[in-house]
Amino acid sequence: MVVGEVVGNLWATKKDEKLSGLKFLVVRKLDYKGKKTDNVIVAVDSVGAGIGDQVLIVAGSSARVNLGDKNIPVDATIVGIVDSLELQD
């Protein structure tokens, strides 16, 4: 799992038909100190996240299983909105 912050939306009018109806968000990953990195990914939103939300992301087969279709062409899915993140140095 990865923690990130939603920084944008992505729209694609032409895409694989299995992706129809899915919401795509651009997420900037956070490092182990909770700071934004330069690493940005696109993830399918399954929880109603929005720009500025810190989110929990699963990748690979977990991302597809969460959407209920093991054959869907998805690498990352947002599965939670983070209420708080507490880190120790």
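The values are calculated or read from the model by the stated rules, or taken from the named source; none is laboratory data. As the structure is a computational prediction, the values presented were derived from the model and not from experiment. Virtual Cβ from ideal backbone geometry, glycine too; neighbours counted across all protein chains shown. For the accessible areas, the whole protein counts, side chains as well, though only heavy atoms, and no ligand, DNA or RNA atoms are used. Shrake-Rupley method; radii C 1.70, N 1.55, O 1.52, S 1.80 Å.
In region 73-85, the count of residues that are touching a residue at least 60 places away in the same chain (Cβ under 8 Å), open to solvent by less than 70 Å² (accessible area, probe 1.4 Å), part of a loop (DSSP other than H, G, I, E, B) and in contact with a Leu (Cβ under 9 Å, 6 or more places away or on another chain) is one or more. Look at region 36-60: where a residue is over 11 Å from Glu5 (Cβ atoms) and a partner is part of a loop (DSSP other than H, G, I, E, B) and among the charged types (D, E, K, R), sitting 6+ places away or on another chain with Cβ atoms under 7 Å, you get Ala59/Asp75; Gly60/Asp75.
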